[in-house]
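The values are calculated or read from the model by the stated rules, or taken from the named source; none is laboratory data. Not measured: the values here are computed from a predicted model. Glycine gets a Cβ as well: all are built from the backbone with ideal geometry, and neighbour counts include every protein chain shown.
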Amino acid sequence: MSMGATVSKESTVELTLPLLQLSPRLLFLPGVVYKTTFKFQEGVNILLRFRDLFDESFSERDDVLGDIARSQKEQQENDYDHIPFLSSNAKKSMGVLREQLEIGGSDDKSLPWIIACLPGFDQSDQDSIATTICQITEVSVVNQDIVLSFEALTRGSLGSKKTISMNEATISVEVDIPFTEVDQTISNKFISTNIDKSLQLLENIKQFLVTYQNDMMNLEDTSTEKNSRLKSAMMILAPLSHLIYATVSSQESTHAYTRLSNQYKSAKKELDTTKNRKTLLKKILKANDVLTSVFPFSMVQKVNVLGAVSSSTERIQTTIDALDFANPLFETYLNVDYVLETWKDFDTKNGKIAANLTRSQLVSNHLKGLRVLIEDIQGTSRRRVNPSQRTRLAPSTNTNPPSQAPKAGESDDENKELRDFINNLSNLKITEDGKRLVTKDFNRMTQMQPSSSEYQLLRTYLEIIMDIPWESKNTVKQQIFDLDKAKETLDHDHYGMDSVKDRILEYLAVLKLHDHIKTSNPKQEDDEIKARAPILLLTGPPGVGKTSLGKSIAKALNKKFQRVSLGGLKDESEIKGHRRTYVGAMPGLLTQALRKSQSFDPVILLDEIDKVVDGSQGPGSRVNGDPSAALLEVLDPEQNSNFSDHYIGFPLDLSRVVFICTSNDMSMISAPLRDRMEVIELNGYNYFEKVEIVKQFLLPKQIKRNGLPMNADSPIVNISDEVIMYIAVNYTREPGIRNLERLIGSICRGKAIEYSSLMSNTQAPGEIPKGYVSKVMVDDLSKYIGIPPELSTGKNMRNDSAISKKYGIVNGLSYNSSGNGSTLVFEMTGIPNSNNTNMITTGRLGDVLTESVKIARTIIRSIFSHNLLQLKDDESITSGDLLKRFDTTQVHMHVPAGAIQKDGPSAGITITLCLLSVMLEKPVPRDLAMTGEITLRGMVLPIGGVHEKLLGAHLTGTVKRVILPRSNRRDVIQDFISNLEANDRGSRDKLLVDLIKEEESLLSNSNKSERIGVFGLPEKWVQNKLGLQVSYVEEFWDVIQIVWSDQVEIDSTKLHELATKEFARL
């Protein structure tokens, strides 16, 4: 091709390019970026060859190129007469080559300088001289030397008769792989041979690395079997094994071998199916070049691969020849089994004494050889080592080839930061043992070759140690304690949750007081005025804001925040770190959290701590230790000031870290771990709270997130309290607000469609388009969020049935696994059957609930057998008649929603009343619901989830009265106090004190009617807020009195006689 052409269909093009002779034994192969170090002036001279390509922007650069450009302007041109300019042909050739190879683009910031690099190897006996066409991509200064990055683009060749002493030469440059007629008919078997032998070499390297590392460990382990240690010694003593290991064991090399293996395997799969033979050949030849570059082939073999330009077939054959040399190195020359066998045969052939003499001579000769090598090393070190070019590989942006670690003497600049850290250890708050360990490891590292794997492990360790935010001994951290601002931050981010907010404000107040004491008495010991950071456990149902609350706490405390997810954690090392002897060892999650936060007093959220797999869950879970046991040290204020991370190797102080743990089920946390945390229960939001959360938080957030304007005169999406309540009740029924936020987001997206469809191009920002309706009505919800899933749930559970009686149906109150409350209907029916009176139960009832059924049967039968009941409205029915009916009736109890598991003792009075209703054939009012555990003596015990159960009763719309155990009045009081809208905390606290005194007075009152008939401020609040009348009971007879006070009475005479007999028996 002539210089005037711009496009060529041929594989080569004749170009005039500048030349650079590389140092001896230095050679570049295409597909790799080589970072090469030059003496400063030599590097400047290379760059000045391109000085007429410098534009005005070069003078403004702040790097070495800018310095050269500025000095060029300041000095006379004749100062550079000895450095030739580029010819016009060379400038054109660079442009043509960049076009041919499709290098760069509009956004390419690399230097457009191309140069032909001649290998540092004598090619005088070759028909043509091989060259590598490179682009200079980066220039930097390191330790008074200039480092040039050469990206090897392609190969070229010079005619043998042409001199290479000139500064430029006409070179035949390869712009595409050669694809001759011979290449078009190349057999799959021939290509497959190249692939198979390359994969064989890569596998040999992999196995060799494992064997060599195991042999090193066997030498150090005296417990290893004798023959194994001998075999390992033979491997280590072989110079070839160590030389190969030193060149192939770096991390960059192993990564490169892995990538090459994947490329060859991919080509193997394509071999029989591809129709584009040229593309496949290009892929294989590219991999061959990289493999030849990174494996220590001889210079002759590398030059032969570089110089194979006539055809692809020739290049593949040259690579196969090199592979035929490399594979036997591992399979034959490094096979020490033969050496070990010969070593042991000395005893058989010559006898023990002669054999030992022969072995001694062998060792002596080996030592003599080692002495020669040592003298060579000492002689080299005594000589002034200042090579003009030192090269290492670096990743290419196109092919991602490997990079070699810097050679000895190049790591000083890289180690400077580590060295400064070591020198500053005495000023840091690190234990003396830690300082000694870190210093020792740094000194060990500086004595190693950077190419060794041990060097990389030590460097990684020291960099991690350096990255931990150690505090200086003389540093005094200033803290600002603004309680009002902290409270404002917490209130701004979360609605309610007063218990958590109060605890954080208490911690801030304590810190403020301790800071005041320390300021007023600086000589006082730190330990005496040290405030312990709280360790909180936020437990509650999903979606109530436990995780987001952790971020708000960090914001309020002005601390860094880190979240550590513990869900599914089953390895102790994730907490305490891996020991450094393991491959891929890393510090634990907590140490990494300190590194990321760059602080020793952050807020660390240990999320889902109840999902940690602890050792109590079976022997299989103890294989990797017990992570829950490892957390004991972390969450113990007495121990975490000396937390031990196995990877770090010396103690870390976690005492100032604010740990906040979250869980959904506190029962899943082991007792010792739970005991170390301050438990704060977060109940689900009631529906009134959800209305406020939507108005104050969720709706503005979703309006902004969905691109709707926030600065409109009127709300761009207007959702009334009634509509929000309807969504919460009929669409979500969850303890948290996750699904509710999704639904609000769906409504906002629907409004965004309406808004954007009516918006004109000339509309001002924030202006509401004509025809847009911002108000969302209940009737609009189906359009935005579909049909309510909870619309008809439970609405018809109490409706009359044509095939059953009205009695035997009672409303219970349940606390669901989702964290919310609801009513649970208990149904019973009696069938005359004198042969089988066992009670049938259905509805997926748990063991505890089934036991409540047995207790109910015993209580009712006891009442009838002792003739304790009298019917006011039908005196003809006696207790004997009721007992007979009880003994001849088979009762079937069913609890609807049979797919849901139900359990717990709180339905005790409900089941007992339901059974009594069947026996008396008296219905229970439909507007009444109840909850309470019952004992065999008929006493009613307290239950949990009162807050959620009252809310669930309110949401039915039909329940107007509820029966609670008298002991649960404390929950009603707490609910009342928590929902007061008083900003004055003192007034609220005073009211709580008054209510506690009132409760204490009532409980000490011997008058039962006054104890259970109390109707104070908490009960009035429940009636006004939820529309529920609360009645309290202490025993089952109180339940009967509330339900059928005008129909059933207790026979006090019989009851007195029964009590007298019992007293006499005792």
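Tallying residues that are touching a Pro at 6+ places or on another chain (Cβ under 9 Å) and surrounded by 18 or more Cβ atoms within 10 Å (Cβ to Cβ) within segment 733-764 yields 5.
The residue that is surrounded by the most Cβ atoms within 10 Å (Cβ to Cβ), counting only those in segment 965-1003 that are under 25 Å from MET930 (Cα atoms) and polar (S, T, N, Q), is ASN968.
Can you name every residue in segment 836-875 that is within 23 Å of PRO896 (Cα to Cα) and of a type in the set (Ser, Thr, Tyr)? Break it down into steps so the answer makes sense when it comes.
Going residue by residue through segment 836-875, those that are within 23 Å of PRO896 (Cα to Cα) are 837-857.
Those that are within 23 Å of PRO896 (Cα to Cα) and of a type in the set (Ser, Thr, Tyr): THR837, THR841, THR842, THR850, SER852.
The set of residues from segment 558-607 being within 19 Å of TYR647 (Cα to Cα) and assigned to a strand (DSSP E or B) comprises just one member, VAL564. Residues that are among the β-branched types (Val, Ile, Thr) and assigned to a helix (DSSP H, G or I) within segment 855-891 comprise ILE855, THR858, ILE859, ILE860, ILE863, listed in sequence order.
In segment 415-445, which residues are basic (Lys, Arg), modelled with pLDDT of 85 or more and assigned to a helix (DSSP H, G or I)? ARG419, LYS435, ARG436, LYS440, ARG444, listed by residue number.
Output the residues belonging to segment 924-945 that are within 18 Å of ARG857 (Cβ to Cβ) and among the acidic types (Asp, Glu). Answer for segment 924-945, where residues must be within 18 Å of ARG857 (Cβ to Cβ) and among the acidic types (Asp, Glu): just GLU933. Checking SER978, SER967, SER1031 one by one, the residue that is touching a helix residue (DSSP H, G or I) at 6+ places or on another chain (Cβ under 6 Å), in contact (Cβ under 8 Å) with a residue 24 or more places away in the chain and small (Gly, Ala, Ser) is SER1031 and no other. In this entry, ASN739 passes the filter for residues that are touching a residue at least 40 places away in the same chain (Cβ under 8 Å) and either within 27 Å of the chain's Cα centre (by Cα) or more than 27 Å from ILE504 (Cα to Cα) (or both).
Listed by first and then second residue, the pairs linking a residue in segment 86-97 that is outside any helix (DSSP H, G or I) to a residue that is charged (D, E, K, R), with Cβ atoms under 7 Å apart and 6 or more places separating them unless they lie on different chains, are LEU86/ARG49; LEU86/ASP52; SER87/GLU168. Criterion first (under 16 Å from ILE553 (Cα atoms) and modelled with pLDDT of 80 or more) does LEU511 satisfy it? Taking the combined requirement at face value, the residue does not satisfy it. Counting only helices (runs of 4 or more DSSP H) that fall entirely inside segment 200-278 and contain at least 3 residues that are closer than 22 Å to SER451 by Cβ, at pLDDT 80 or above and small (Gly, Ala, Ser), the qualifying elements are 251-270.
Is it the case that THR137 is in contact with a Cys (Cβ under 8 Å, 6 or more places away or on another chain), modelled with pLDDT of 85 or more and in a strand (DSSP E or B)? The answer is no for THR137.
List the residue pairs whose Cβ atoms are under 8 Å apart, where the first residue sits in segment 1000-1012 and is in a helix (DSSP H, G or I), the second is among the β-branched types (Val, Ile, Thr), and the two are 6 or more positions apart or on different chains. Matching pairs, first to second residue: LEU1002/VAL1014; ILE1012/VAL1033. Take PRO769 and tell me if it is in the same structural domain as SER714 (by TED's automatic domain parsing), in contact with a helix residue (DSSP H, G or I) (Cβ under 8 Å, 6 or more places away or on another chain), at pLDDT 80 or above and in a loop (DSSP other than H, G, I, E, B). Taking the combined requirement at face value, the residue satisfies it. When you scan segment 292-305, do you find a residue that is more than 24 Å from SER451 (Cβ to Cβ), surrounded by 18 or more Cβ atoms within 10 Å (Cβ to Cβ), among the charged types (D, E, K, R) and modelled with pLDDT of 80 or more, even just one? There is no residue in segment 292-305 that is more than 24 Å from SER451 (Cβ to Cβ), surrounded by 18 or more Cβ atoms within 10 Å (Cβ to Cβ), among the charged types (D, E, K, R) and modelled with pLDDT of 80 or more. Just one of the listed residues (ILE177, ILE146) is assigned to a loop (DSSP other than H, G, I, E, B), closer than 21 Å to LEU27 by Cβ, touching a residue at least 12 places away in the same chain (Cβ under 8 Å) and touching a Lys or Arg at 6+ places or on another chain (Cβ under 9 Å), namely ILE177. In the set (1) modelled with pLDDT of 85 or more; (2) surrounded by fewer than 16 Cβ atoms within 10 Å (Cβ to Cβ); (3) among the aliphatic types (A, V, I, L, M), MET710 fails one condition alone, (1). Here LYS268 passes the criteria (1) crowded, with 18+ Cβ neighbours inside 10 Å; (2) within 21 Å of ASP324 (Cβ to Cβ) except the one numbered (1). Given the structure, is GLN598 surrounded by fewer than 16 Cβ atoms within 10 Å (Cβ to Cβ), in the same structural domain as TYR647 (by TED's automatic domain parsing) and touching a residue at least 24 places away in the same chain (Cβ under 8 Å)? So GLN598 fits the description; yes. Answer with yes or no whether ALA238 is among the small types (Gly, Ala, Ser) and closer than 25 Å to GLU151 by Cα. In short, no.
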